[in-house]
Amino acid sequence: MTTKFMILHGPNLNMLGKREPAIYGGQTLEDVNTSLMELAAELGCKLSIFQSNSEGALIDFIQSSAGECQGILINPAAFTHTSIAIRDALSAVGLPVVEVHLSNIHRRESFRHISMVAPVAIGQICGFGGDSYLLGLRALFNNVKNSLN
Ligand code: DQA
């Protein structure tokens, strides 16, 4: 069976490229997704990619991952700092989770230093722009591969 991962992008990430490029870079979400799909082809895994500005839609998608995917790569965006509901959904499905951020949330405003998701994730990668996603996918892939061995 081919390994499949869910890629989740939270609110406002649909505006990448136009949104505060000094912080988030010039890549669009489509650019990020294209480089993720290229990496997935190299690794030999499949991706199911979803973006929403709505907390409930993200939770529904996370719940749908049970039995469908072997891991979740998520940039919860602003919901990182507020959403106990997304954290609970991730915890409920029990799949390995890697949290990623384009910016280094720890060198920004103090309200961004807190992540509701980090305690239910294997790890967090932030500060590398679009590369955070690629590093995160590699980390998730290796984690799942090693746990299957
Ligand atoms: C972000 C960081 C969050 O604090 C912010 O609300 C975002 C994007 C990032 O990728 O750097 O929307 O998750």
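Points worth noting:
- Filter result (touching a Pro at 6+ places or on another chain (Cβ under 8 Å), among the charged types (D, E, K, R) and more than 10 Å from the ligand (Cβ to nearest atom)) within segment 79-122: ARG87
- Residues that are within 16 Å of the ligand (Cβ to nearest atom), among the hydroxyl-bearing types (Ser, Thr, Tyr) and assigned to a loop (DSSP other than H, G, I, E, B) do not occur anywhere in segment 62-78.
- Among the residues making up segment 73-91, none is loosely packed, with under 14 Cβ neighbours inside 10 Å and touching a residue at least 60 places away in the same chain (Cβ under 8 Å).
- Matching entry among MET37, MET6 (being among the hydrophobic types (A, V, I, L, M, F, W, C) and open to solvent by 70 Å² or more (accessible area, probe 1.4 Å)): MET37
- One residue stands out in segment 92-147 among those that are of a type in the set (Ser, Thr, Tyr) and in a loop (DSSP other than H, G, I, E, B): the one that is surrounded by the fewest Cβ atoms within 10 Å (Cβ to Cβ), namely SER103.
- Per-region count, segment 2-24, residues in contact (Cβ under 8 Å) with a residue 24 or more places away in the chain, of a type outside the set (A, V, I, L, M, F, W, C) and within 20 Å of PHE79 (Cα to Cα): 6
- Tally of residues being of a type in the set (Ser, Thr, Tyr) and touching a residue at least 40 places away in the same chain (Cβ under 8 Å) across segment 55-72: 1
- Restricted to segment 123-143, and to residues there that are among the polar types (S, T, N, Q) and within 13 Å of the chain's Cα centre (by Cα), the residue that is nearest to the ligand (Cβ to nearest atom) is SER132.
- Matching residues in segment 16-41 - criterion: being more than 18 Å from GLY127 (Cα to Cα) and out of contact with any helix residue (DSSP H, G or I) (no Cβ under 6 Å at 6 or more places or on another chain): LYS18, GLU30, THR34, MET37, GLU38, ALA40, ALA41
- Checking GLY44, GLY56, GLY127 one by one, the residue that is modelled with pLDDT of 95 or more, out of contact with any helix residue (DSSP H, G or I) (no Cβ under 6 Å at 6 or more places or on another chain) and over 21 Å from ASN12 (Cβ atoms) is GLY44 and no other.
- Among the criteria (1) within 15 Å of the ligand (Cβ to nearest atom); (2) free of Cβ contacts under 8 Å to residues at least 40 places away in the same chain; (3) under 22 Å from LEU135 (Cβ atoms), the one THR34 does not fulfil is (1).
- Flag for THR28 being open to solvent by 40 Å² or more (accessible area, probe 1.4 Å) and modelled with pLDDT under 95: no
The values are calculated or read from the model by the stated rules, or taken from the named source; none is laboratory data. Please read all numbers here as calculations on a predicted model, not as lab measurements. When we count neighbours, we look across all protein chains shown, and the Cβ atoms used for this are built from the backbone with ideal geometry, even at glycine. Accessible surface is based on the protein model in full, side chains and every heavy atom, while ligands, DNA and RNA are left aside. Shrake-Rupley method; radii C 1.70, N 1.55, O 1.52, S 1.80 Å.
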